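Right, one structure below, let's go through it.
What follows draws every value from the coordinates through simple rules; no lab data is involved. Computed from a predicted structure; not experimentally measured. With ideal geometry, Cβ positions are generated from the backbone for all residues, glycine too; neighbour counts draw on all protein chains shown.
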C-alpha cells in the first residue's frame with residue numbers, strides 16, 4: 001500500500017476502528033492499491049458522538065467571531081497545501097490535476113464564505129412596544145452529521161464543515177469509502193488551524209454507519225450527497241427519527257441548444273460540461289436538446305470532443321463497475337437506433353492499463369424514452385435529442401424527474417428568459433454549461449435532485465445549521481401592561 005491504513009478521527013486523534021472489516025482503496029488512474037479503509041461499527045460512531053457532545057459544551061459558547069478565526073487559519077493552510085491536496089484528490093478520485101486544483105480552490109472559496117458568517121447572522125432587534133423589545137439570534141443545533149460522496153473528496157466535505165462548525169455545531173463526517181484519504185488530511189489541517197478536539201470527527205464505513213447516523217438520538221441534523229435512490233432512503237430514515245435532513249441526489253441536466261447559439265462557445269461549453277471530472281458530477285451535461293437545425297453546432301461539438309483524450313485532459317471514472325455501466329448505456333443506445341458520433345468505449349491509457357477510463361462520447365438521434373435520455377449515466381457521455389420547437393424541448397426537460405440544472409444556448413435574450421421561467425430546475429445557465437452558483441449564492445436543485453428545505457451552501461445553509469431563538473424583553477416598570485407583556 002502506498003499510504004498507511006486509514007483510521008477514524010475521533011476527539012482530535014486518529015484511532016483504529018473497533019472492527020476488522022475493511023475495504024481496499026484503489027486509484028482509478030492505474031489500479032494502484034493506495035490504502036485500506038475500515039468499516040466501522042455503531043460503537044465507533046457512539047464514541048465519536050460522545051466526543052462531539054463534550055466538545056459542544058465549550059465550542060457552542062465560543063463567540064462566533066472567535067470560532068471563525070479557526071477558518072481564517074484553515075483557509076491559509078488550504079492555500080499553502082493546495083498542491084498536495086490536489087494531488088491526493090487526483091490520486092484517489094482519478095480526475096485530472098487541473099480539475100483537482102479547481103476543487104481545492106472551491107474549498108478555499110467555501111471556507112472564505114464561512115469566515116463572513118459573523119456579518120450574516122447578526123440577528124434583529126426591534127422595540128415592538130414602549131419599553132419592550134424583541135430580539136432574534138441564531139443558535140447551533142448541537143451534533144450534526146455529513147455523509148459525503150466520492151466525486152469531490154475535498155469540495156463536498158467543505159460544503160458542510162466550515163459553515164456548520166463556524167455556526168457552533170460539532171460534526172460527525174462519513175466520507176465515501178472509495179475516497180477516504182482527503183477527508184483525513186482536511187481534519188489534520190483543521191486541527192493545525194486550532195479547531196478544538198471533538199468538534200470534527202470522522203467515522204469511516206458503509207451502509208451500517210449511514211443507518212446508524214440516521215438513527216442516533218444525539219444527532220440533530222444530517223446532510224447527504226449521493227444518488228437519488230440513497231438520498232430518498234437517508235431522508236426518509238433521518239426524518240422518521242425527527243432529524244433535520246437535507247439530502248442531495250442525482251441529476252439529468254438538459255442543455256437546450258438553439259440555432260442562433262454561437263457554435264464555438266456552445267461546443268466548448270457542452271463538451272466541458274459533459275466531460276469535466278469524467279462526467280462524474282451532478283452538474284454535468286447529460287442530455288442536449290437541439291432545437292431546429294443545429295447540425296453545424298453538433299459538428300463542432302464532435303470536433304471539440306475528439307480533443308478530449310483519456311489520461312491527458314480526461315480523468316478516469318471511479319472504478320471498473322462504473323466503467324462497465326457507462327459503456328453498457330452507450331451500447332444499449334446504439335442497439336436502440338441512436339447514432340454514436342464519438343465513441344469512448346474501450347478506452348486505454350498507455351502505461352495505465354489497469355486504470356478505468358471512458359472516452360468522451362457523443363450520441364445523436366436519441367429518443368426521449370431511451371435509458372441514456374432518462375437515467376443518470378455519471379460518465380463523459382452526451383445524448384442529443386432533436387426537437388422542432390423550444391416548447392418541445394422544455395416538455396422533455398420538465399418531464400425528467402430530476403431538477404438540478406438546465407441551460408440554454410442562444411443569443412436571444414427574450415428566449416433565454418422564457419426558458420429560465422419554464423425550466424424545472426434549481427440552477428439555470430444561459431450560455432453556461434455548468435451553472436454552479438458562486439458564494440454567497442447557494443447550491444441546490446429541485447424535484448428528485450433534492451430532499452429537504454433550503455440549500456447546502458451559501459446564505460441558505462444558515463437556516464439549516466441553526467435554530468432561531470426569539471427573546472421578548474422588558475426592563476422598565478413604566479412600560480405598563482398590555483397584550484405584549
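Each of residue 417 and residue 66 was given a label point 7 Å from its Cα along the Cα-to-Cβ line. The distance between the two points is 5.2 nm. In this calculation the C-beta distance from residue 54 to residue 313 is compared with R0 = 35 Å, giving a FRET efficiency of 0.15.
Sort 176, 424, 20 so that the residue with the fewest other Cβ atoms within 10 Å of its own Cβ comes first and the one with the most comes last.
On the way: 176 25, 424 17, 20 8.
In increasing order of surrounding Cβ atoms, one gets 20, 424, 176.
Using R0 = 35 Å, the C-beta based FRET efficiency linking residue 21 and residue 343 works out to 0.30. Computing Cα Rg over 2.2 N^0.38 Å for the structure here picks out one of (1) 1.34; (2) 1.04; (3) 1.19, namely (2).
Which order, highest average first, do 389-396, 465-472, 353-360 follow once you tally other Cβ atoms within 10 Å for each residue and take the mean per peptide? Intermediate results must be reported in sequence, preceding the final value.
Details: 389-396: 17.5, 465-472: 15.0, 353-360: 21.8.
Descending packing order for the listed peptides: 353-360, 389-396, 465-472.
For the stretch 247-280 versus the stretch 208-227, the inter-centroid distance based on Cα atoms is 32 Å. For the stretch 86-199, relative contact order (Cα pairs under 8 Å, six or more residues apart, normalised by length) works out to 27 percent.
Label reach from residue 268 (point 7 Å along Cα→C-beta): in the stretch 295-318, amide nitrogens under 14 Å belong to 301, 304-305.
Please state the shape class of the stretch 28-86: rounded when a/c is under 1.5, otherwise prolate if a/b exceeds b/c and oblate if not, all from the C-alpha gyration tensor. Each step should come with its number before you reach the end.
Working: a/c = 5.88, a/b = 1.22, b/c = 4.82.
It is oblate, given that a/c is not under 1.5 and a/b is not larger than b/c.
Taking the highest mean first, how do the peptides 450-463, 6-19 order by number of other beta carbon atoms within 10 angstrom per residue? Let's see the in-between values first.
On the way: 450-463: 20.4, 6-19: 18.2.
So the peptides 450-463, 6-19, ranked by packing, come out 450-463, 6-19.
Annotation: extensible slack from residue 302 through residue 32 equals 93.9 nm (criterion: 0.36 nm per residue apart, minus Cα-Cα distance).
Report, to the nearest 10°, how far helix 413-422 tilts away from the longest principal axis of the Cα atoms in the chain, using its own Cα long axis and a range of 0 to 90°. For helix 413-422, the angle is close to 60 degrees. Exposure proxy shown here: for 171, 39, the number of other Cβ atoms within 10 Å sets the order, fewest to most, as 39, 171.
Using a 10 Å cut-off on Cβ atoms, rank the peptides 184-196, 158-170 from the highest mean neighbour count down. All intermediate terms of the calculation are to be shown ahead of the outcome.
On the way: 184-196: 18.2, 158-170: 25.6.
Averaged packing, sorted descending, gives the order 158-170, 184-196.
Estimated from the Cβ-Cβ distance and a Förster radius of 35 angstrom, the FRET efficiency linking residue 469 and residue 432 is about 0.30.
Put in order of Cβ neighbour count within 10 Å, fewest first, the listed residues 427, 1, 274 become 1, 427, 274. Mean sequence separation of contacting Cα pairs (under 8 Å, at least six apart), scaled by the length of the stretch 1-107, corresponds to a relative contact order of 23 percent.
Can you tell me how the stretch 1-121 classifies by the Cα gyration tensor, rounded, prolate or oblate, using a/c under 1.5 as the rounded cut? All intermediate terms of the calculation are to be shown ahead of the outcome.
On the way: a/c = 3.04, a/b = 1.18, b/c = 2.59.
Oblate shape, in that a/c is at least 1.5 and b/c is the bigger or equal ratio.
Can you grab the distance from the C-alpha centre of the stretch 38-99 to the C-alpha centre of the stretch 14-28, Å, no decimals? Result: 19 Å between the Cα centres.
Could you work out the relative contact order of the chain, using alpha carbon pairs under 8 angstrom and six or more residues apart, expressed as a whole percent? It would help to have the intermediate numbers written out before the result.
On the way: 1121 pairs, mean separation 85.7, N = 485.
RCO, the chain: 18 percent.
Relative to the longest principal axis of the Cα atoms of the chain, the long axis of helix 82-93 makes an angle of roughly 60 degrees.
Decide, for the stretch 136-241, between rounded, prolate and oblate: order the square roots of the alpha carbon gyration tensor eigenvalues as a ≥ b ≥ c, take rounded if a/c falls under 1.5, and otherwise choose prolate if a/b is larger than b/c, else oblate. Could the numbers behind the result be given before it?
Numbers: a/c = 1.77, a/b = 1.12, b/c = 1.58.
Oblate is the answer for the stretch 136-241, as a/c is 1.5 or above yet b/c matches or exceeds a/b.
Computed from Cα atoms, the angle from the helix 320-335 axis to the main principal axis of the chain rounds to 40 degrees.
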